[in-house]
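Participant: Here it is, the structure in full.
No value in this document is a laboratory result; all are computed from the given coordinates. In this text, all values refer to a predicted model and were calculated from it rather than measured experimentally. Glycine also receives a Cβ, built like all others from the backbone with ideal geometry; neighbour counts cover every protein chain displayed.
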Amino acid sequence: MQKNKNNFFEQVYEVVRKIPEGKVMTYGQIAEKVGTKDARKVGWALHANPDGSDVPCHRVVNKNGRLAPGYAFGGPDEQKNRLITEGIPFSTKDKVDLKRCSYEI
DNA sequence: CTCTTGACCATGT
DNA sequence: AACATGGCCAAGA
């Protein structure tokens, strides 16, 4: 067993990994779930996260339903495309319909 | 240890 | 709606 020096990462990854298909989670929500109030840490954790692994970062959006333009893995188009492919409803062209896909804890 | 940056959030103008 | 500021917290240089 390894020492969870990055327990925060582990928790974030775990939560994000558990997001079902067709649902998205906000940074603030994940932040609370991992026991913090700072959504920034969540965003930082995902950025420091080994993308392409088991963490579907594209299912993680901010509170405004906004994605991460320019800082995502391949661009907002890619993320949007993925979300649509996963079956995520969109409220607008660049925003996710949190009313329909908010995954509650 | 100090300073800067950051995939956020809330409020004010 | 867009821009600016403050807050919180952790990592990188």
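Participant: Helix-only estimate, please: 222 nm mean residue ellipticity of chain A, summing -39500 (n - 2.57) across DSSP H runs of length 4 or more and dividing by its residues, to the nearest 500.
Facilitator: After summing the helix terms and dividing by residue count, I get -11000 deg cm²/dmol.
Participant: Follow-up. Which FRET efficiency value, to the nearest 0.05, is calculated for A:T85 and A:K37 with the Förster distance at 30 angstrom and r the Cβ-Cβ distance?
Facilitator: Efficiency, from the Cβ-Cβ distance: 0.40.
Participant: At a 10 Å Cβ-Cβ cut-off, how would you order A:I30, A:I105, fewest neighbours first?
Facilitator: Ordered by Cβ neighbours within 10 Å, fewest first: A:I105, A:I30.
Participant: Which longest run of chain A has no exposed loop site in it, a site being GluC sites (Glu not before Pro) in a DSSP loop with at most 13 other beta carbons within 10 Å, and the site itself not part of the run?
Facilitator: Result for the longest clean stretch: A:22-103.
Participant: Hey, can you grab everything whose amide H is under 5 Å from the amide H of A:F90? Only 5+ residues off in sequence or another chain; H modelled, so Pro and N-termini drop out.
Facilitator: For A:F90, the qualifying residues are A:D97.
Participant: Oh, and also: Kirkwood Rh, chain A, all Cα pairs: how many Å?
Facilitator: 13.7
Participant: Taking the Cα centre of chain A as the origin, how large is its charge dipole in debye, to the nearest 20, when only Lys and Arg (+1) and Asp and Glu (-1) carry charge on their Cβ atoms?
Facilitator: Approximately 300 debye in magnitude.
Participant: Continuing with the same structure: Using a 10 angstrom Cβ neighbour count of at most 14 plus a DSSP loop assignment to flag exposed trypsin sites (Lys or Arg not before Pro), which longest range of chain A is free of such sites?
Facilitator: A:64-92
Participant: Ordered by residue, what ³J(HN,Hα) values in Hz, to whole numbers, does segment A:89-99 give under the Karplus form 6.51 cos²θ - 1.76 cosθ + 1.60, where θ = phi - 60° and Gly and Pro are x?
Facilitator: Working through the residues one at a time gives x, 10, 7, 9, 4, 10, 10, 8, 7, 5, 5 Hz.
Participant: Separate question: Can you work out ³J(HN,Hα) from phi for every residue in segment A:11-18, in order, using Karplus 6.51 cos²θ - 1.76 cosθ + 1.60 and θ = phi - 60°, giving whole Hz and x for Gly and Pro?
Facilitator: Karplus values, whole Hz, x for Gly and Pro: 5, 4, 4, 4, 4, 4, 4, 7.
Participant: Sort A:T26, A:T36 so the one with the fewest other Cβ atoms within 10 Å of its own Cβ comes first.
Facilitator: A:T36, A:T26
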